[in-house]
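Okay, so here's the structure we're looking at.
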Amino acid sequence: MTTESLPVRTDAPARTSPKRHAAPGRLRLFAPRAGRQHHAGPLAYVLLGITAILSIFPLYWTMVAASTDNTRVSQTPPPFLPGPNLFSNLARAWDEAAMGKAMINSTIVAGVIALSTVLFATLAGFAFAKLRFKGRNALLMLVIGTMMVPPQLGVVPLFMMMSELGWSQQLPAVIFPTLVSAVGVFFMRQYLSEALPDELVEAARVDGAHSLRIFWSIVLPVARPAMAVLFMITFVHAWNDFFWPFVVLDMTNPTVPVALTQLSAGYVRDQSLIMAGALLGTLPLLAMFIVFGRQIVSGIMAGAVKG
């Protein structure tokens, strides 16, 4: 019998390898898990609620204390509901502490310091992260080492330097010593080391781009989320800084923290008036975060996604 005379079964199933049979089952097993969304349980909502209450309570208590009088604030138990004197206390604090001039000065100081810190820290972070030059590690260790020195140790020579330059009691004396920070340089260096691929910088070099062109066209778009975070942190820190502005400025040209000291200069401190001044000094920061907070958070999330 020849092979040509053998009957051929056309209804037989096609032979497939066991691996091909197992793949669809494996896909059916793991496909639902890939798109599954995890929902937070009741405990997560309870913890988030407690965290939110603890975070908002200091601001709420400041508003409550600013809306009452000094006698009511000192009572036991203290009030937990706002009183009727909020706007009158705010007006008194605005006049007695010269808050208008103080807020303008704080806006100038914090804005210039934040912008310069973001620019210089991004430049230095790019150099330490992606450029190769002699002494890079030693310079980075030197920058990090400055973080270990207490700022109080440099107050006397720094004040003498500002006096020699003729900047005593002026805003440049507050701005120039803090145009860049070691924390900002280290922060931008760590971010660019992970977020900026070496291949992208090398490809720009091959195309003939110099370092400043690479920084402007490649580094800045990649570093935008970290720059936004660094700007917010630096602005808030410069706005709330008290020690150095109190040393180098006087009450005729104060920042907001320095101006608030006038509210506690009396023999009997008016706690409601002090809280009203503190609330006035906090409102610009809250307004800035409400306006730019969504952009900053979206920038952080965009920078956290690779690909």
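The values are calculated or read from the model by the stated rules, or taken from the named source; none is laboratory data. Since we're looking at a predicted model, the values are computed, not measured. Cβ coordinates were reconstructed from backbone atoms using ideal geometry, including for glycine residues, and neighbour counts include every protein chain displayed. Remember, those area values only see protein heavy atoms, side chains included, never the ligands or the DNA or RNA. Shrake-Rupley method; radii C 1.70, N 1.55, O 1.52, S 1.80 Å.
The table below gives the values:
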read-out: Residues that are part of a helix (DSSP H, G or I), open to solvent by 40 Å² or more (accessible area, probe 1.4 Å) and farther than 24 Å from Met288 by Cα, drawn from the stretch 244-260; value: Phe246, Val247
read-out: Any hit, the stretch 142-161, residues being within 22 Å of Val256 (Cβ to Cβ), modelled with pLDDT of 90 or more, out of contact with any Ser or Thr (no Cβ under 8 Å at 6 or more places or on another chain) and not in a helix (DSSP H, G or I); value: no
read-out: Filtered residue count, the stretch 163-205, keeping only those that are assigned to a helix (DSSP H, G or I), more than 30 Å from Gln152 (Cβ to Cβ) and not β-branched (Val, Ile, Thr); value: 11
read-out: Residues located in the stretch 232-243, provided they are of a type in the set (A, V, I, L, M, F, W, C), surrounded by fewer than 20 Cβ atoms within 10 Å (Cβ to Cβ) and assigned to a helix (DSSP H, G or I); value: Met232, Ile233, Val236, Phe243
read-out: Residue tally, condition outside any helix (DSSP H, G or I), over 34 Å from the mean Cα position of the chain (by Cα) and surrounded by 13 or more Cβ atoms within 10 Å (Cβ to Cβ), over the stretch 48-77; value: 1
read-out: Filtered residues of the stretch 110-125 (kept if among the hydrophobic types (A, V, I, L, M, F, W, C) and out of contact with any Phe, Trp or Tyr (no Cβ under 8 Å at 6 or more places or on another chain)); value: Val112, Leu119, Phe120, Ala124
read-out: So Ile274, is it surrounded by 16 or more Cβ atoms within 10 Å (Cβ to Cβ) and either of a type outside the set (A, V, I, L, M, F, W, C) or modelled with pLDDT of 75 or more (or both); value: yes
read-out: Qualifying residue in the stretch 129-138 (condition: within 30 Å of Ser217 (Cβ to Cβ), in contact with a Lys or Arg (Cβ under 7 Å, 6 or more places away or on another chain) and open to solvent by less than 40 Å² (accessible area, probe 1.4 Å)); value: yes
read-out: Filtered residues of the stretch 83-104 (kept if open to solvent by less than 70 Å² (accessible area, probe 1.4 Å) and without any contact (Cβ under 8 Å) to a residue 40 or more places away in the chain); value: Gly83, Ser88, Ala91, Gly100
read-out: Identity of the residue in the stretch 105-128, under 19 Å from Ser211 (Cα atoms) and surrounded by 22 or more Cβ atoms within 10 Å (Cβ to Cβ), that ends up nearest to the chain's Cα centre (by Cα); value: Val118
